[in-house]
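All remarks here apply to the structure that follows.
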């Protein structure tokens with residue numbers, strides 16, 4: 001049966017291929033000419049567009065350059081009228097020409113004589129001797145102050161060089177200031193607007209020609225291959241090409257037919273041509289490629305039919321078994337899709353409906369959580385099964401990129417390691433709360449069983465950040481950012497109690513010198529600036545050795561800890577006073593002052609000492625210091641330094 005089926009299949013495919021090949025040959029014959037017509041229309045349109053763009057560009061460039069040239073000429077006239085120190089020698093004018101970035105600079109008196117110039121041999125020329133120069137003499141009789149003349153580029157009278165001159169009337173006395181330029185950019189732009197240049201920029205196929213014919217005399221004005229050839233053939237005759245907008249065949253130089261498309265544009269006829277043999281060659285290539293394509297399709301269809309009859313049923317059963325195995329392993333995204341017969345399709349639909357019912361249950365849970373607006377996510381993973389179940393909010397709450405989330409959720413082992421790495425470091429003072437990023441905190445509750453773990457993740461960032469903000473505001477001074485005194489005593493007491501053996505610490509009480517006079521003289525705003533400047537010096541000290549606080553008003557305190565001996569405390573105090581001596585605070589726009597403070601300190605190596613006792617000793621040393629020199633520190637129980 002299989003051999004009979006394949007025999008009839010081959011006969012049918014061969015007959016169908018021959019029929020398609022014949023129809024394709026007829027259609028291609030018309031399509032080739034249509035495509036070539038469209039191609040030539042596009043190229044002719046591009047030629048016209050290029051001509052118009054080049055003309056517009058040349059016009060705009062001329063306008064811009066004329067304005068620029070006129071500005072330089074006026075600048076030269078202004079300099080000559082207002083600089084009395086300028087001399088009329090050639091070197092001076094060459095310097096001015098270079099300064100103004102012009103090629104020539106001339107001064108013409110009221111008699112039309114060039115009396116000064118950057119070109120020595122032009123001095124003494126009478127402007128009335130030549131048509132090119134005579135045009136500027138009209139400025140001498142013009143009564144308007146800002147009269148000027150911009151001359152088109154032409155050979156100059158003295159040397160026949162192509163130059164562009166601009167002249168303006170002088171204001172101080174009768175005369176003309178003239179500047180000259182070599183119009184290089186304009187000449188280059190004009191050269192780009194020729195047919196020869198435009199055709200050279202257009203790629204042409206083998207044998208393809210682009211040419212332009214004058215409508216008045218029928219002469220070929222430009223050709224893509226140059227104008228050296230002969231243009232006697234029918235395909236170059238104006239009267240034979242006027243009806244060629246939709247494509248015509250005309251005899252070429254060699255007698256062979258040329259396919260020509262023409263279009264009228266102003267006073268010219270723009271044409272594109274190609275030998276008719278090229279179209280026939282393309283038709284032959286297309287027919288051959290179509291034959292090979294049909295042969296390949298026929299062989300592929302025959303092989304596919306053989307494959308479907310022989311193998312499709314068995315492969316369908318194997319596919320169902322593989323898909324069911326994947327679903328059993330927990331990959332609920334698997335879609336069973338086995339065709340070939342009605343029984344397989346019904347079986348596939350039944351299995352997919354069953355899996356969708358399971359998936360919809362979990363999706364409904366995710367939808368309920370999302371609708372509730374609660375920043376909540378849930379997860380479940382089992383050992384031995386790669387896919388991990390997570391609700392839709394998991395990635396956003398945990399701030400995991402999409403590609404990373406896909407990897408995590410595809411492997412239960414890696415997911416479990418990730419969750420345990422997060423829960424290994426709860427934030428201080430909280431239970432089950434973990435920091436994910438600078439502003440993201442989550443609470444994770446998990447229920448672990450052998451081989452299975454279920455967890456719920458809640459976003460508690462707002463509560464944690466609000467708690468931290470309130471704690472900071474309750475323990476820190478709003479003006480200076482330093483610790484408040486009660487919080488300082490608590491922290492200092494803990495540091496003293498937990499101080500390692502062999503270390504010493506010190507408590508220092510500080511008072512700003514003459515602070516009242518600053519408030520009285522400059523106002524309380526200046527006083528606040530002074531307090532902030534002093535606090536900035538305290539906060540600049542090493543954070544692992546200094547604890548700083550504002551006690552009240554202009555009174556401050558600090559604890560120096562983590563020191564191996566008293567000499568280390570002294571070095572830190574010297575470091576503080578060295579920084580304090582360099583601190584300048586601007587009290588007003590015109591007054592600034594170096595921060596000055598008196599300090600008394602007491603130190604201890606005994607962890608059993610009371611922080612209140614140390615503070616009292618430091619306070620007593622401070623008052624001892626204030627009764628004397630001020631502006632430095634003194635140790636409790638010693639003389640002032």
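The values are calculated or read from the model by the stated rules, or taken from the named source; none is laboratory data. Source: prediction; values computed, not measured. Here the Cβ is made from the backbone with ideal geometry for all residues, glycine too, and neighbour counts use every protein chain on show.
Just a few scattered comments:
- Here residue 494 meets the list (1) in contact (Cβ under 8 Å) with a residue 24 or more places away in the chain; (2) surrounded by fewer than 21 Cβ atoms within 10 Å (Cβ to Cβ) almost entirely, failing just condition (1).
- Among the residues of the range 462-484, those identified as farther than 23 Å from residue 532 by Cα and without any contact (Cβ under 8 Å) to a residue 24 or more places away in the chain are 462, 463, 466, 467, 468.
- Residue among 602, 579, 549, 618 that alone is under 26 Å from residue 478 (Cβ atoms), touching a residue at least 12 places away in the same chain (Cβ under 8 Å), assigned by TED's automatic domain parsing to the domain that holds residue 514 and part of a strand (DSSP E or B): 549
- The set of residues from the range 437-457 being touching a residue at least 12 places away in the same chain (Cβ under 8 Å) and closer than 24 Å to residue 382 by Cα comprises 442, 443, 444, 445, 446, 451, 452, 453, 454, 455, 456, 457.
- Single condition residue 302 does not satisfy, out of (1) surrounded by fewer than 14 Cβ atoms within 10 Å (Cβ to Cβ); (2) assigned to a helix (DSSP H, G or I): (1)
- Residues within the range 594-632 that are surrounded by 12 or more Cβ atoms within 10 Å (Cβ to Cβ), more than 24 Å from residue 491 (Cβ to Cβ) and out of contact with any helix residue (DSSP H, G or I) (no Cβ under 7 Å at 6 or more places or on another chain), tallied: 8
- Scanning the range 623-639 finds one or more residues that are assigned to a strand (DSSP E or B) and either farther than 16 Å from residue 574 by Cβ or within 60 Å of the chain's Cα centre (by Cα) (or both).
- Considering only residues in the range 553-591 that are over 15 Å from residue 540 (Cα atoms), within 46 Å of the chain's Cα centre (by Cα) and crowded, with 16+ Cβ neighbours inside 10 Å, the one that is modelled with the highest pLDDT turns out to be 585.
- Qualifying residues in the range 19-40 (those that are closer than 30 Å to residue 306 by Cα and loosely packed, with under 12 Cβ neighbours inside 10 Å) - the one nearest to the chain's Cα centre (by Cα): 23
- Taking the criterion of being under 19 Å from residue 119 (Cα atoms), within 48 Å of the chain's Cα centre (by Cα) and in a loop (DSSP other than H, G, I, E, B), the residues of the range 154-194 that qualify are 182, 183.
- Extreme residue, modelled with the highest pLDDT, among residues of the range 84-95 that are over 15 Å from residue 178 (Cα atoms) and not in a helix (DSSP H, G or I): 89
- Annotation note: of 81, 66, the sole residue that is out of contact with any helix residue (DSSP H, G or I) (no Cβ under 9 Å at 6 or more places or on another chain), in a helix (DSSP H, G or I), surrounded by 13 or more Cβ atoms within 10 Å (Cβ to Cβ) and modelled with pLDDT under 85 is 81.
- Test: residue in the range 104-113 that is surrounded by 18 or more Cβ atoms within 10 Å (Cβ to Cβ) and more than 55 Å from the chain's Cα centre (by Cα): yes
- Search result, residues across the range 406-440 that are part of a helix (DSSP H, G or I) and under 38 Å from the mean Cα position of the chain (by Cα): 406, 407, 408, 409, 414, 415, 417, 418, 419, 421, 422
- Residue check for residue 102: in a loop (DSSP other than H, G, I, E, B) and at pLDDT 90 or above: yes
- Flag if residue 222 is under 30 Å from residue 132 (Cβ atoms), in contact with a strand residue (DSSP E or B) (Cβ under 6 Å, 6 or more places away or on another chain) and assigned to a strand (DSSP E or B): no
- Of the criteria (1) without any contact (Cβ under 8 Å) to a residue 24 or more places away in the chain; (2) farther than 25 Å from residue 612 by Cα; (3) assigned by TED's automatic domain parsing to the domain that holds residue 596, which one residue 522 fails: (1)
- Selected residue (criterion: modelled with the lowest pLDDT) from residues of the range 221-248 that are closer than 18 Å to residue 40 by Cβ and loosely packed, with under 13 Cβ neighbours inside 10 Å: 225
- So residue 193, is it surrounded by 15 or more Cβ atoms within 10 Å (Cβ to Cβ), in contact (Cβ under 8 Å) with a residue 12 or more places away in the chain and over 30 Å from residue 111 (Cβ atoms): yes
- Hey, residue 291 in a helix (DSSP H, G or I), over 30 Å from residue 232 (Cα atoms) and at pLDDT 75 or above or not: yes
- Flag for residue 218 being free of Cβ contacts under 8 Å to residues at least 40 places away in the same chain and either touching a helix residue (DSSP H, G or I) at 6+ places or on another chain (Cβ under 9 Å) or surrounded by 14 or more Cβ atoms within 10 Å (Cβ to Cβ) (or both): yes
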